[in-house]
Every structure is written in C-alpha cells, then in structure tokens.
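Input: a single structure, listed below in structure tokens.
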Amino acid sequence: MIQDTIAAISTAVGEGGIAVIRVSGPQAVQAAHAIFRSRTDIRSAASHTVHYGHIADPRSGETVEEVLLTVMRGPRSFTAEDVVEISTHGGYISVKKVLDVVLQQPDVRAAEPGEFTKRAFLNGRIDLAQAEAVIDLIRSKSDRAFAIALKQVDGKLSRQIRGLRQEVIELLAHIEVNIDYPEHDVEEMTSSYIREQCHLVIGQLDQLLKTANEGKILREGITTAIVGRPNVGKSSLLNALAQDNKAIVTDIPGTTRDVIEEFVTVGGIPLKLLDTAGIRETSDIVEQMGVERSRNALKDADLILLVLNHHESLHEDERELMELLAGRQVIVIVNKTDLEGHLEMEVLQQRYPQEAIVPMSVLQEEGLEQLEQAISSLFFSGKLESADLTYVSNARHIALLKQSKQSLEDAIEATYQGIPIDIIQIDVRTAWEQLGEIIGDSAGDSLIDQIFSQFCLGK
C-alpha cells in the first residue's frame, strides 16, 4: 500500500490560459480541503466534480489564487488513488505559489518524474507496456506515431501479449502434467505437441516483429542528413520540408557553417533533418570546422539526402562523396531542374536505382511528393500498413519479443535432440517470462524505476 501523497505541476512551465497541479494519494482530498476556500466542503464532494473557490495559505490566511478544483476518487482516477487537480491561471508565479502551499500540508511531498504513471502501474490500472506508451504519446512527432501510441495506451499490444502468454502457459501446464505423471506420457506425441504449439506462438511473434522496423521509425523518426557541395540547395530543401525559413539561404557558397537540426513529417514519416555545411575543400577555418561536423553527422544518419545541382557537371568532391556513401541508404536529389541540365545523369543511374533519384526544383516547389514516395519506398516497402495493425515500436519490447522467439526455437530444437522434457520446460518458461517482462508481470524493480525515470515531472 502506498501511504504518502504526492503533488506536482502537470502542465508545461510558462505562460498559458491555465496551469494544473495534480495531487494524488490517501491525503489528497484532506490536503486540498485545508487550503481550499469555497462554499463546498470537498471532503464530501462526489467524484469527478469541479468546484470554484480560492486557495489560501492556512498559516497567514492570505488568498493565493482563484482556482477550479476537480475531485476524482479512487479507483476511478488515473492513479487509481484519490486525485485532486487544481486549475490555476497560467503563469510562472501563480502556479508556483499554489504548489508551495500544497507541499506545506502534512504527508504531501513533491512527486518524482513519472511517479503518477508509476502509481497507476503499481495500483494495477495499467501495465508496463501501457505506461511506456504514455511516454510515446507525449513524445510523438507525427499523427501516425500518436495513433500507434494511443492504441498501446488503450492496451491493444498488451492484450496480444497476454494472449500469447496464455498459449505458452497452457503448453507449460501440459509439459508439467507429463513430468508429474510420466507413466501416462507418450514421448513422441508430447514432442510433436510442443513443436506444434511453439510454432503457433512463433508465427504470432513474427507478425508482431514484422512491424518492428516501421514502428521504431514512426516512434523515433529517421535521422536524415542533407549533404552536398555548397550552394546546391540544401538549406532551401530543409526550409521547404519544414515549411519555414529555418536556415539562411543566400547565393554565397558556405553560408551554412554548422549542422542545423529540425523535426519534420514527410508523408506521415517523422524525419530528424540535419542540414549540414557544404562539403568541399576550403581554407576558411570556421568553414573547415563545419565541414568536419557534416562528415560526423553522416556517420549517425539513417538516411542521406545527397543534393546535386542539375545545372552543373559532377564535381570531384561529389564523386568522392558518393564513394564515401557506398552501402548507405541514399536518396539523390537532383535540384534546380528548372535550369538547363549539365549533370551527368548516366553516372547516377549506374550507381543508384531509378526510384532513389528524385528530380526537384525546390525553388519552384516541384518534386516534394516524389521525395515522399522515395522515402516511403525505402523504409516501408512503398506504403504504411493498415492503421488496424499493432505496431511494435519500443526497442525494449522488440528485444524481448526476439528473445522469446529464440527461447521457443531452442525448445523446438531440443525436442529433435531428444533432450529430457524437464529441460525443455526451462526454455518454454523462459519465453513466458520474457513476454511477461513486456507488460511488467515479471519485471524487476530496477527496470521499473529506470522506465519511469524517463517521464517528465507531473506525469
């Protein structure tokens, strides 16, 4: 049982229409009653009701703020505890003053990052996979990523994992009966049954893992470096994709001196764009540093947009850059197609597939749709799967699904090798525990603490 009561600001810091302070725990209503001045005695207020009044400092009697106070009684609340939410005027001073008064009450302390969601997990309202999806919901950078996270918060992935665990536990029960009553066991029949059931679960794991690459991309985005020689249109491309003037654009080569980062969504796919300094030999010390940072950005990029000038012949620097990018995920953007062409297209066609060469005129806003399609083809086989599909996007979940699959494959192999059934049982039980770790049924305290420490304060 959780005995203490926690409080924190749940809205973003800064000016706004309102700010919200959340209080959760056994003393939440009593603590709020001690500082709330209203015609209503909130100690007897019904759950999920809103009350108008003022917050006052009990020590001085001074009125601190005009507020709306919402009462939500457990277990019908986010944390499954008694929760009070105090809505104040937005601003730095007002919300801090109210929080200070709340924290002066007995048995109320400041919440740790993610502690409200952690309590929801510990009190059984949500499982660990749903809790992690709350982070994804907050951090989602595209509509698609938000939709995936929302379904996981609703428990779609968790239900599938529980279904898989149920199939594995039924297999375990069958094995344990045969261990306890060996005189009724037919060895070949048992081995055949183990292989059959393991293959059924592996097939479902494969269906989930099939979405892992796409899900991870939608969750984390594709780190995308825009590279090329100076003045080929890299910064103009970033501005076009961001639909804003994020980078300075001039006719002077070498304007961009550092790596500029910007998150954009292209065709529903989140991209972390890195606009790099033009890569060329230069005697300018500052530009040399920018070129070196550009080369470092290339190492971390998942996707590289190589921008070339349609109006100019391939430069030796560009030929060297193409050699440097051999084996990487590259889309070649042939920019400035509104000008007369001098670029040796046959050289590009020999090195890159046709779908990876995108003619564009960023100035005329031509070719952006073709670029979207090229990115989608490269990472999603041309299209995103149905919105009804359960995407696995969390790296921890992906690793555990792979481990569980391997454990079941080990069990299958063991049946062919004639290994005793009580040893095979260990692999099957390991698979069951690994699946349980996804939803928190077999997760250790250190893992739980690590996951919730990633949350923002007040969530």
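The values are calculated or read from the model by the stated rules, or taken from the named source; none is laboratory data. All figures in this text were calculated on a predicted structure; none of them were measured in a lab. All Cβ positions, glycine included, derive from the backbone under ideal geometry; neighbour counts span all protein chains shown.
Would you mind finding the one in GLY367, GLY341, GLY418 that is modelled with pLDDT under 90, more than 30 Å from LEU137 (Cβ to Cβ) and touching a Pro at 6+ places or on another chain (Cβ under 7 Å)?
Details: GLY341 fails: touching a Pro at 6+ places or on another chain (Cβ under 7 Å); GLY418 fails: touching a Pro at 6+ places or on another chain (Cβ under 7 Å).
When all the criteria are applied, what remains is GLY367.
Going by what's in this entry, would THR88 be described as hydroxyl-bearing (Ser, Thr, Tyr), in the same structural domain as PHE36 (by TED's automatic domain parsing) and without any contact (Cβ under 8 Å) to a residue 40 or more places away in the chain? If you could, list the steps in order and put the result at the bottom.
Values: hydroxyl-bearing (Ser, Thr, Tyr): yes; in the same structural domain as PHE36 (by TED's automatic domain parsing): yes; without any contact (Cβ under 8 Å) to a residue 40 or more places away in the chain: no.
So THR88 does not fit the description; no.
Check whether at least one residue in the stretch 148-156 is in the same structural domain as GLN403 (by TED's automatic domain parsing) and within 11 Å of the chain's Cα centre (by Cα), and report yes or no.
Yes, the stretch 148-156 contains at least one residue that is in the same structural domain as GLN403 (by TED's automatic domain parsing) and within 11 Å of the chain's Cα centre (by Cα).
Give all pairs with beta carbons closer than 7 Å in which a residue from the stretch 373-388 that is at pLDDT 70 or above meets a residue that is assigned to a loop (DSSP other than H, G, I, E, B); count only pairs at least 6 apart in sequence or on separate chains.
Hits for this filter: ILE375/GLY267; SER376/GLY267; SER376/GLY382; SER376/LYS383; LEU378/GLN329.
Given (1) over 27 Å from the mean Cα position of the chain (by Cα); (2) of a type in the set (Gly, Ala, Ser); (3) part of a loop (DSSP other than H, G, I, E, B), where does GLY14 come up short, assuming only one miss?
Condition not satisfied by GLY14: (1).
Kindly evaluate THR11 against the criterion of being at pLDDT below 95 and in contact with a His (Cβ under 7 Å, 6 or more places away or on another chain). Spell out the reasoning first.
Working: at pLDDT below 95: yes; in contact with a His (Cβ under 7 Å, 6 or more places away or on another chain): no.
Considered against the rule, which asks whether it is at pLDDT below 95 and in contact with a His (Cβ under 7 Å, 6 or more places away or on another chain), THR11 comes out as no.
In this structure, is GLU81 crowded, with 19+ Cβ neighbours inside 10 Å, in contact with a Lys or Arg (Cβ under 7 Å, 6 or more places away or on another chain), in a loop (DSSP other than H, G, I, E, B) and not polar (S, T, N, Q)?
When the stated conditions are applied, GLU81 passes them.
Taking the stretch 108-135 as the search range and keeping residues that are touching a Leu at 6+ places or on another chain (Cβ under 9 Å) and within 19 Å of ARG219 (Cα to Cα), which one is modelled with the lowest pLDDT?
Going residue by residue through the stretch 108-135, those that are touching a Leu at 6+ places or on another chain (Cβ under 9 Å) are 109-115, 121, 128-130, 133.
Keeping just the survivors that are within 19 Å of ARG219 (Cα to Cα) gives 128-130, 133.
Values: LEU128: 90, ALA129: 90, GLN130: 90, ALA133: 86.
Ranking the candidates gives ALA133 first.
So which residues in the stretch 331-351 are farther than 19 Å from ALA240 by Cβ and within 32 Å of the chain's Cα centre (by Cα)?
none
Scan the stretch 86-118 for residues that are farther than 14 Å from GLU65 by Cβ, part of a loop (DSSP other than H, G, I, E, B) and among the small types (Gly, Ala, Ser) and report the count.
Summing the residues that are farther than 14 Å from GLU65 by Cβ, part of a loop (DSSP other than H, G, I, E, B) and among the small types (Gly, Ala, Ser) in the stretch 86-118 gives 2.
Inside the stretch 421-449, can you point out the residues that are over 20 Å from LEU172 (Cβ atoms), assigned to a helix (DSSP H, G or I) and either modelled with pLDDT of 95 or more or not polar (S, T, N, Q) (or both)?
ASP445, LEU447, ILE448, ASP449
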